[in-house]
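The values are calculated or read from the model by the stated rules, or taken from the named source; none is laboratory data. All values derive from a computational prediction rather than experimental measurement. Backbone-built Cβ (ideal geometry, glycine too); neighbour counts: all protein chains shown. The area values use the complete protein model at the heavy-atom level, side chains included, leaving out ligands, DNA and RNA. Shrake-Rupley method; radii C 1.70, N 1.55, O 1.52, S 1.80 Å.
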Amino acid sequence: AQTVTQSQPEMSVQEAETVTLSCTYDTSENNYYLFWYKQPPSRQMILVIRQEAYKQQNATENRFSVNFQKAAKSFSLKISDSQLGDTAMYFCAFFSVAGANNLFFGTGTRLTVIP
Amino acid sequence: GAGVSQTPSNKVTEKGKYVELRCDPISGHTALYWYRQSLGQGPEFLIYFQGTGAADDSGLPNDRFFAVRPEGSVSTLKIQRTERGDSAVYLCASSPGIGYGYTFGSGTRLTVV
């Protein structure tokens with residue numbers, strides 16, 4: 001079974017600074033996808049970034065980038081130039097291609113951007 | 001519509017009552033998922049539909065929970081004899097295919113009193 005661990009329940013960052021959220025996972029599979037989702041108080045889960053496990057290049061979406069270390073089973077999210085609108089819960093998620101066809105989520109990190 | 005729509009946004013019901021939660025996915029998305037999110041937790045998988053059929057219902061906690069998707073579009077999650085422990089946000093998501101990630105709705109907050 002897969003597990004996704006987010007070891008930072010809460011984090012804060014000054015506006016315009018950079019913050020990194022940690023995520024580790026455990027799997028015996030080789031073909032999978034990893035995601036970061038953002039959940040603001042509106043409750044809607046918003047896809048931030050995705051990474052295919054077979055790609056060595058780290059995914060980047062504007063101010064958001066990941067550090068994917070497949071051997072270490074680590075998938076951290078870096079937010080550059082933090083903005084007040086980045087304040088939200090952030091969830092790391094794992095999707096197995098061959099196994100259970102559903103996203104498996106971590107417990108989340110609550111990020112607060114301080115003005 | 002442009003996104004995944006869930007109704008109602010909030011539902012308060014008495015213990016023992018029956019409730020239905022509706023999800024209208026993005027047009028053309030064949031995969032539909034239901035998740036349950038308790039306070040302070042990540043979403044937990046309940047059931048996955050591919051078209052009209054339930055491809056995986058292993059996350060349903062017990063036989064009081066049931067979901068349908070009769071025409072391969074709108075889905076309804078049904079909970080019988082509700083209990084206070086069923087209180088949570090129920091999230092629906094749809095996807096066009098493997099690896100694309102899901103588009104989520106805003107969820108239904110169910111409160112059982």
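When the pairs A:LYS38/B:LYS78; A:LYS38/B:LYS11; A:LYS38/B:LYS17 are compared against a 31 Å limit on Cα-Cα distance, A:LYS38/B:LYS17 fall above it. Expressed as a whole percent, the accessible surface of the range A:3-114 that belongs to carbon and sulfur atoms is 46, based on a 1.4 Å probe. Given R0 = 22 Å, the distance between the Cβ atoms of A:GLN83 and A:LEU47 translates into a calculated FRET efficiency of 0.80.
Loop only by DSSP, 13 or fewer other Cβ within 10 Å of the Cβ. Give me the chymotrypsin sites (Phe, Trp or Tyr not before Pro) in the range B:1-62 that pass, ordered by residue number.
For chymotrypsin sites (Phe, Trp or Tyr not before Pro) across the range B:1-62 that sit outside H, G, I, E and B with at most 13 neighbouring Cβ atoms in 10 Å, the list reads B:TYR18.
The distance separating the Cα centre of the range B:1-61 from that of the range A:1-76 comes to 24 Å. Net charge in the neighbourhood of B:ASP24 (other residues with Cβ under 12 Å of its Cβ; Lys, Arg +1, Asp, Glu -1) is +1. Interface residues of the range B:30-69, defined as a loss of at least 50 Å² in heavy-atom accessible area between the chain alone and the complex of all protein chains with a 1.4 Å probe, are B:PRO43. Legend: translational diffusion of chain B by Stokes-Einstein, Rh = Kirkwood radius over C-alpha pairs, 10 °C, 1.306 mPa s; D = 114 µm²/s. With all protein chains kept in place, the per residue accessible area of chain A amounts to 48 square angstrom at a probe of 1.4 angstrom. Taking label points 7 Å from Cα along the Cα-to-Cβ direction, A:PHE64 and B:GLU14 give a separation of 4.4 nm. Cross-link partners for B:LYS15 among the aspartates and glutamates, with Cα-Cα distance under 14 Å and sequence neighbours closer than 8 places in the same chain left out: B:GLU83, B:ASP86.
Please give me, ordered by residue number, the GluC sites (Glu not before Pro) of the range B:13-113 that lie in loop per DSSP and have at most 15 other Cβ atoms within 10 Å. Write out the running numbers ahead of the final one.
Numbers: sites: B:GLU14, B:GLU20, B:GLU44, B:GLU71, B:GLU83; in loops: B:GLU14, B:GLU71, B:GLU83.
Answer in residue order: B:GLU14, B:GLU71, B:GLU83.
Leaving ligands and nucleic acids aside, the B/A contact buries around 1800 square angstrom of accessible area in total at a 1.4 Å probe radius. Bridge orientation summary for the range A:3-114: considering DSSP beta bridges with both residues in this region, about 90 percent are antiparallel.
Computed from phi, the 3J(HN,Hα) profile of the range A:48-55 under the Karplus parametrisation 6.51, -1.76, 1.60 (θ = phi - 60°) reads 9, 6, 10, 9, 7, 5, 7, 9 Hz, with x in place of Gly and Pro. Taking 7 Å steps out from each Cα toward its Cβ at A:GLU29 and B:ALA2 produces label points 3.3 nm apart. With K and R counted +1 and D and E -1, the other residues having a Cβ less than 13 Å from that of A:PHE104 yield a net charge of -4. Dividing the Cα radius of gyration of the protein assembly as shown by 2.2 N^0.38 Å, with N the residue count, gives 1.02. The alpha carbon radius of gyration of chain A, expressed as a multiple of 2.2 N^0.38 Å, is 1.02.
Within the range A:1-73, which GluC sites (Glu not before Pro) sit in a loop by DSSP and count at most 16 neighbouring Cβ atoms inside 10 Å?
Passing sites in the range A:1-73 are A:GLU15, A:GLU17, A:GLU29.
Rounded to the nearest Hz, the phi-derived 3J(HN,Hα) couplings of the range A:92-97 under the Karplus curve 6.51 cos²θ - 1.76 cosθ + 1.60 (θ = phi - 60°) are 8, 9, 10, 10, 8, 6, where x marks glycine and proline. A simple spin-label model places the labels of A:GLU15 and B:ILE98 4.5 nm from each other, with each point 7 Å out along Cα-to-Cβ.
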